[in-house]
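See structure below.
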Amino acid sequence: MKKRCALLMVVLLTVILTACRSDSSINIDVPLESDETEQFFAMDTIMSISARGFSVAEAISEAKEEIYRLESLLSVTDPGSDIATINSETGHAVIVSNDTAAIVTKANEMANLTGGAFNIAMYPILRSWGFTTGDYSIPSEDTLSELLSNIDYSKISVKADTVTLPQGMEIDVGGIAKGYACDAVKEIIVNKGIKTAIINLGGDVQLVGSRPNGSAWRIAIQDPNGDGYLGTISAIDKAVITSGSYERYFVGADGKTYHHIMDPATGRPAQSGLLSVTVVSDSAYKADALATALFVMGREKAIELWREQGDFELLMMTTRGDVYITEGLEDSFEISADYSGANVNVVSK
Ligand code: AMP
Ligand code: MG
């Protein structure tokens, strides 16, 4: 419930912030060109797509169908999905769709890039904490060490149109699927000749082009400590994707808070000193996997990877309340009035 409210907040803030800046130079008299917005529920979250141009209703409807199609392939809980079939037939090569083979391949590339901080084989561990069902509990040390012995993602084999898992391993692509869907939806929209759109898949945002007047979109980033927002990022044609401990959590019988981003090194919620990580990139699947992985890795390792890679930018908030941005966001990040006293540290190469 908490998650849905937070996501709706991002949706609303996005709409409000873009609406507040409407520009009188937009020519609303151009025939046949129109604005369309559609909001719907998929992949366990609230999604919205807004676009301006010709045939936008048709493009949005196609995009929605694509999201439902990807959901039916990638859902870990739908027994008919590719992922559920791979999980139930471990030890066997399972024939899957091109998209499933592609997302598993990309997930493992991201696992290699992040030293295993991103790991789709964490599913049984997430289940042991109750994150897959909502039936939360704290697993025992014995349970965790047994489950941790079977998360070696390098044993996941993708060959042409088949995926094979070793006996007993199960995967979940929830940490990358919405980003992958953002990329797919963007492609559909761009192929229709639409030059301006905003795709918001539960707070994972993909921008197509600029706002109609040519200026940057302003995306509100959720405040990890409350219901407001931490600040805004102005961007054109980018994916802006956030992972945070506030998105899904429970309070255990011991009174401690346990969140849903797991550290594959411990089998426990990552305690890296971060509250949230936002990644801005040309590639949404990459931004999605990185946001999850960099949350696990913590600020210093995240910055190290940023220095090595150079194809994404970062906004991070620490548990101590400090804000860090990489230098590419210096001109585009604006802290909200709620945090006007906060120290914004700009990280350079
Ligand atoms: P996100 O909201 O993109 O950060 O994804 C979080 C979701 O990814 C969780 O709800 C889990 O399903 C899954 N997950 C949690 N920890 C990891 C991890 N270390 N690597 C890959 N996926 C993870
Ligand atoms: Mg993610």
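The values are calculated or read from the model by the stated rules, or taken from the named source; none is laboratory data. What you see is a predicted model; the values in this text were computed from it and never measured. As a convention, Cβ positions derive from the backbone with ideal geometry for all residues, glycine included, and neighbour counts pool all protein chains shown.
A few notes on this one:
- Residue pairs whose Cβ atoms lie under 8 Å apart, sitting 6 or more positions apart in sequence or on different chains, and linking a residue in region 288-301 that is more than 7 Å from ligand 1 (Cβ to nearest atom) to a partner that is aromatic (Phe, Trp, Tyr) and part of a loop (DSSP other than H, G, I, E, B), are Ala289/Phe118; Leu290/Phe118.
- Counted residues, region 127-149 - those being in a loop (DSSP other than H, G, I, E, B), in contact with a helix residue (DSSP H, G or I) (Cβ under 8 Å, 6 or more places away or on another chain) and within 15 Å of ligand 1 (Cβ to nearest atom): 4
- Flag if Gly115 is more than 16 Å from ligand 2 (Cβ to nearest atom), part of a loop (DSSP other than H, G, I, E, B) and touching a strand residue (DSSP E or B) at 6+ places or on another chain (Cβ under 9 Å): no
- Considering Asp237, Asp254, the condition of being among the charged types (D, E, K, R) and on the phi < 0 side of the Ramachandran plot is satisfied by Asp254 alone.
- Breaking point among (1) within 12 Å of ligand 2 (Cβ to nearest atom); (2) modelled with pLDDT under 95, for Asp288: (2)
- Subset of region 109-136 (residues that are hydroxyl-bearing (Ser, Thr, Tyr), in contact (Cβ under 8 Å) with a residue 12 or more places away in the chain and either exposed (fewer than 14 other Cβ atoms within 10 Å of the Cβ) or over 27 Å from Leu305 (Cβ atoms) (or both)): Ser128, Thr132, Tyr136
- Checked against the criterion of being modelled with pLDDT under 95 and more than 14 Å from ligand 2 (Cβ to nearest atom), region 298-311 contains one or more residues that satisfy it.
- Residue in region 153-164 that is within 16 Å of ligand 2 (Cβ to nearest atom) and at negative phi present: yes
- Residues (assigned to a loop (DSSP other than H, G, I, E, B) and not aliphatic (A, V, I, L, M)) located in region 254-279: Asp254, Gly255, Lys256, His260, Pro264, Thr266, Gly267, Gln271, Ser272, Gly273
- Checked against (1) closer than 21 Å to Gly244 by Cβ; (2) out of contact with any Pro (no Cβ under 8 Å at 6 or more places or on another chain); (3) not in a loop (DSSP other than H, G, I, E, B), Asn108 passes all but condition (1).
- Identity of the residue in region 37-56, on the phi < 0 side of the Ramachandran plot and not in a strand (DSSP E or B), that ends up surrounded by the most Cβ atoms within 10 Å (Cβ to Cβ): Val56
- The number of residues in region 335-349 that are touching a strand residue (DSSP E or B) at 6+ places or on another chain (Cβ under 6 Å), modelled with pLDDT of 90 or more and small (Gly, Ala, Ser) comes to 1.
- Exactly one residue out of Tyr246, Tyr180 is among the hydroxyl-bearing types (Ser, Thr, Tyr), out of contact with any strand residue (DSSP E or B) (no Cβ under 6 Å at 6 or more places or on another chain) and within 29 Å of Ser340 (Cβ to Cβ), and it is Tyr246.
- Elements of type strands (runs of 3 or more DSSP E) contained in region 285-348, each with 2 or more residues being out of contact with any His (no Cβ under 8 Å at 6 or more places or on another chain) and of a type outside the set (A, V, I, L, M): 312-318, 323-326, 333-335
- In region 303-336, the residues that are over 19 Å from Trp217 (Cα atoms) and of a type in the set (A, V, I, L, M): Ile303, Leu305, Met316, Met317, Val323
- Residue in region 214-232 that is without any contact (Cβ under 8 Å) to a residue 24 or more places away in the chain, out of contact with any Pro (no Cβ under 6 Å at 6 or more places or on another chain), more than 27 Å from Pro139 (Cβ to Cβ) and away from ligand 1 (no atom under 15 Å from the Cβ) present: yes
- Looking across Arg268, Arg248, one residue alone is within 13 Å of ligand 1 (Cβ to nearest atom) and at pLDDT below 95. It is Arg248.
- Residues satisfying the stated conditions in region 197-219, i.e. in a loop (DSSP other than H, G, I, E, B) and either more than 17 Å from Lys178 (Cα to Cα) or out of contact with any Ser or Thr (no Cβ under 7 Å at 6 or more places or on another chain) (or both): Gly209, Ser210, Arg211, Pro212, Asn213, Gly214, Ser215, Ala216
- Just one of the listed residues (Gly231, Gly273) is closer than 27 Å to Asn119 by Cβ, modelled with pLDDT of 95 or more, more than 13 Å from the chain's Cα centre (by Cα) and not hydrophobic (A, V, I, L, M, F, W, C), namely Gly273.
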